[in-house]
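Below: one structure, written as structure tokens.
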Amino acid sequence: MIESNKNGGGHAEINETVSSRRELTAAGAMIRTQPFWVLVAIIAIGLVMSVISDVFMTERNLYNVTRNFAFFGIMALGMTAVIVTAGIDLSVGSLMGLTGIAAGLAMQAGYSIGVGFAACMGTAIVVGLINGILIAYLKMQPFVVTLGMLAMARSISMVISNNKMIYQFGPDQDLFEWIGGQNIWGVPNPVWVLVVLTVIFIVAFRYTTWGRWVFAVGGNAEAAKLAGIPVERVIVSVYVVSASCAGLAAFLMVGWFGSVTNALGLTYELNVIAASVIGGANLMGGIGYAVGAPIGAALMELIRNSLLLAGIDALWQQFFIGLFIIIAVLLERLRNRGS
Amino acid sequence: MRGVSKSFGAIQALQSVDFDIVAGEVLGLMGDNGAGKSTLVKIIAGNYPPSAGEIVLEGTRVRFSRPLDARQCGIEIVYQDLALCNNLTAAANVFLGRELKKSIGPLRYIDHGAMYKRASKLFAELKSETRPRDVVRQMSGGQRQAVAIARTRLSDPKIVLMDEPTAAISVRQVAEVLDLIRQLRDSNHAVVLISHRMPDVFSVCDRVAVLRRGRKVADKRVFETSPEEITGLITGAIESA
């Protein structure tokens, strides 16, 4: 830089414009990210709501809101990893049904909660592996593979549950229902899980080679391959992670409901994808934020809650959530054009 | 390389090509589109194995089944399309696949600071104004080139293959890249420069080889030939030399 400035007046001018495009400071980088602006929107909506509704800021309401979005936030974390690799996982909703039923069946049969949890997560990992292997090694399109899995997982959960509701969870029923339905220090347990997972994802994305490779694969899979990154294994891993998040969310949600049917998680995949995208994940791959997942999920739940409290017909809910998805993507487009 | 051939189905991309690459020498590899240059590069880089023939490196026969094998044998490649991840920073690209790590007890994590520092030094050596923290998407052609070249400097490679390194950059930056090639040669590396640009080849190469339709038609020292002769060899106006 300094060297080339000595080359003469003509170059100095060019170099000045290059160096005036300063490296970003931490704060500067942050305000350029989608999650930051969504967080601003959340705070703005929160302020407005606390003025026009007496109920909004009550402990009870905030408790419900945070618990409701925790399940979606957990799944959106896994979905974000998938989307960063330029993939998509449509099977998470059905997988909730399947893993929830698997956990329920195990515990209904009299096994401990440990076995129930293992059945739940084991099922999730197997399904994630199938998705990942088909996509990474057989080079099938993520959309098609996971769409097929959406149908198959739902069907299997109907078959193994014999289309019956499960509401008896064996010897550890109380513990199981406490984990999903109760709280520690006034914060719902699923929210704690979401907080811990979010921190884990932030660290994993930033400080592990796995995280670095996930972003590299999404940015340019060919270049990643040439750099010696095991691209196929990275792709399999993100689908296993996404499936595991769905399994975990199902385990918590069944505990909260105190019962499970094979309809658990029906159409949730759309909400989860929406949460990831609102949180800044780019469906083209290469861009996504761990903190975006809970923030995106929070915004969606907040809109739902606000419409309810403001007395607007519940039939409008989907409209506003859809509107926000489009606005979020539009804002990102505009910001990128600016830089 | 001895008698290296490669065919894709009925298409014979390379026919029994022999090559010597010597440390401390820059070999220019020229040829028209479809002459087999890229195929040759990909064989040396380990992207695919030759259909026939062998590669001997320092007296031992080597077989590469993937790019990593070639890299471990000391062969670094600068690809024509540069093979960079646009969404990552310059430093992240330089260290892609061999990230620097730090440990706290049993935990190992990516050491961003060390990578920025090391990348910064590499860019300074290359006299490039590239900044390690910049995202590649926002960079100029020359800066991208610097990132791709900096990557080969991480290890101390025996052979550096450069596929059209000067195709997409400004005149001033071309001079910088050529300087770098000379620098590599003087530090006793073997450099293979694949290029369409005659002036570049003649200004920096010690030896020039020409491929035409999958055959090597010439392999001469630069001072024994001329741009006119090479052009004739490339187009086929001169059969061989």
key: Residue count, the stretch B:197-239 (criterion: part of a loop (DSSP other than H, G, I, E, B), under 12 Å from B:A35 (Cα atoms) and in contact (Cβ under 8 Å) with a residue 40 or more places away in the chain)   = 2
note = Within the stretch A:275-291, the count of residues that are within 16 Å of B:N87 (Cα to Cα) and of a type in the set (S, T, N, Q) comes to 1
note = Taking the stretch A:190-217 and keeping residues at the interface with chain B (Cβ under 7 Å from one of its Cβ atoms) and either in contact (Cβ under 8 Å) with a residue 60 or more places away in the chain or of a type in the set (A, V, I, L, M, F, W, C) (or both) leaves A:F215, A:A216
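Only one residue in A:A204, A:A246 is surrounded by fewer than 24 Cβ atoms within 10 Å (Cβ to Cβ), modelled with pLDDT of 90 or more and among the small types (G, A, S), so which one is that?
A:A204
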remark   = If we ask which residues in the stretch A:155-177 are aromatic (F, W, Y) and crowded, with 17+ Cβ neighbours inside 10 Å, their number turns out to be 2
key: Residue that is farthest from the chain's Cα centre (by Cα), among those in the stretch A:51-80 that are of a type in the set (A, V, I, L, M) and outside any helix (DSSP H, G or I)   = A:V55
request  = Pull up the stretch B:77-108, narrow it to residues that are over 21 Å from the mean Cα position of the chain (by Cα) and β-branched (V, I, T), then point me to the one that is nearest to B:R133 (Cα to Cα).
outcome  = B:T89
key: Residues of the stretch B:90-110 satisfying the condition of being more than 9 Å from chain A (Cβ to nearest Cβ) and assigned to a loop (DSSP other than H, G, I, E, B)   = B:L100, B:G105, B:P106
remark   = Listed by first then second residue, the pairs whose first member lies in the stretch A:135-156 and is among the hydroxyl-bearing types (S, T, Y), whose partner is surrounded by 15 or more Cβ atoms within 10 Å (Cβ to Cβ), with beta carbons under 7 Å and at least 6 positions apart or on separate chains, are A:Y137/A:E232; A:T146/A:I88; A:T146/A:D89; A:T146/A:L90; A:T146/A:S91; A:T146/A:N131
task = Identify the residue in the stretch B:57-69 that is under 20 Å from the mean Cα position of the chain (by Cα) and more than 10 Å from every other protein chain (Cβ to nearest Cβ) and, among all such residues, is nearest to A:N282 (Cα to Cα).
result = B:S65
request  = Take the stretch A:135-172 and flag every residue that is at negative phi, outside any loop (DSSP other than H, G, I, E, B) and not hydrophobic (A, V, I, L, M, F, W, C).
outcome  = A:P142, A:T146, A:G148, A:R154, A:S155, A:S157, A:S161, A:P171, A:D172
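The values are calculated or read from the model by the stated rules, or taken from the named source; none is laboratory data. Just so we're clear, the structure is a prediction, and the values are computed from it rather than from any experiment. Virtual Cβ from ideal backbone geometry, glycine too; neighbours counted across all protein chains shown.
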